[in-house]
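Where a number appears in this text, it was derived from the coordinates with a stated rule and is not lab data. All of these numbers come straight from a predicted model, not from anything done at the bench. FYI the Cβ positions are ideal-geometry reconstructions off the backbone, even for glycines, and counts take in every protein chain you see.
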Ligand code: C2E
Ligand code: MG
Ligand code: MG
Ligand code: MG
């Protein structure tokens, strides 16, 4: 009887695993075709400077899935990284972003930021591809920001690659700053230009306690001469707190949600 039960349980797990694997391989197949089927969408979340002036935007990837509707990166980025599709997908995001900078945004001074994953930076050809893209669009590099997470800095081989990207003249931003595992030493070793203050440091409870970590990170950015963008700003209280601390660059639902590229471009007319 016991053996029968064990076999039954095994069959159950086998089946669950099988289902999971079928789901993953289907997702992989669909992801593989998503570029050629033009299913990806570039959303842009505005970033504002002092006085509500538009500073730029962060490019955020969406997938218009034929059956499941609009998906966010949480639904597919991990799988894209796992099956090495993040490279062509990341190239698409870069290409779209640079086309915006070279086209409708050419005569502005707006900055556009792109998220870059560790898999992309593992690729030794990545800096050369970015350089070629910048050249083919005849773009000055300083209006492009590459956002990386801290944990990426401890990945072997990635630091020199970031250095060659930085040497192209673009900006490097540390995303979700303060939430990962890394040492402050990296701020000196790597030529970082920008810190993105993560929203966890601005939650209402912490604001009530005067947000010592947020204030420290803001002071750190200032001491190092780095640009600081506060992300995930959801309330007037948070924005007031940040302004009191002298933070001028903000991004968050309180100011604007991520919006389709065309909607963002209408802001230029206003
Ligand atoms: P992230 O780079 O930290 O982007 C900020 C995320 O916070 C975005 O989620 C944005 O929609 C969300 N957000 C913005 N303002 C607020 C706010 O006020 N409150 C809250 N609660 N959330 C806010 P999203 O678009 O779902 O992206 C999630 C993550 O996926 C991004 O985090 C980024 O790490 C990754 N991602 C997005 N696009 C790309 C891409 O093109 N390539 C790669 N490799 N990763 C991407
Ligand atoms: Mg980001
Ligand atoms: Mg972030
Ligand atoms: Mg994040």
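Points to keep in mind about this one:
- As a rough footprinting exposure proxy, the listed residues 176, 269, 14, 203 were ranked by other beta carbons within 10 Å of their own, and the order from fewest upward is 269, 14, 203, 176.
- Choice from 66, 140, 124 with maximal GNM fluctuation in the chain (Cα, 10 Å cutoff): 66
- Rg/Rh, computed from the Cα trace of the range 88-143 with Rh as the Kirkwood radius, has the value 0.96.
- The range 119-270 shape via C-alpha gyration tensor axes, a/c threshold 1.5: oblate
- Counting Cα-Cα pairs of the chain in 5 Å increments starting at 0 gives whole-percent bin shares of 1, 5, 12, 15, 16, 16, 13, 9, 5, 3, 2, 2, 1, 1, 0, 0.
- Exposure proxy order (Cβ contacts within 10 Å, fewest to most) of 93, 148, 229: 93, 148, 229
- Overall form of the range 39-177 per C-alpha gyration tensor (a/c, 1.5; a/b vs b/c): rounded
- Once the Cα atoms are used to define both axes, helix 212-224 deviates from the longest principal axis of the chain by about 60 degrees.
- Principal-axis tilt of helix 126-136 within the chain, Cα atoms, nearest 10 degrees: 60 degrees
- Ranking of 186, 253, 181 by count of other Cβ atoms within 10 Å, fewest first: 181, 253, 186
- From its DSSP helices (H runs of at least four residues, each -39,500 (n - 2.57)), the chain gives a residue-normalised ellipticity at 222 nm of -13500 deg cm²/dmol.
- Rounded to 10°, Cα long-axis angle of helix 158-167 versus longest principal axis of the chain: 40 degrees
- Here the simple spin-label model places points 7 Å from the Cα toward Cβ, and for residue 8 and residue 219 these points are separated by 6.4 nm.
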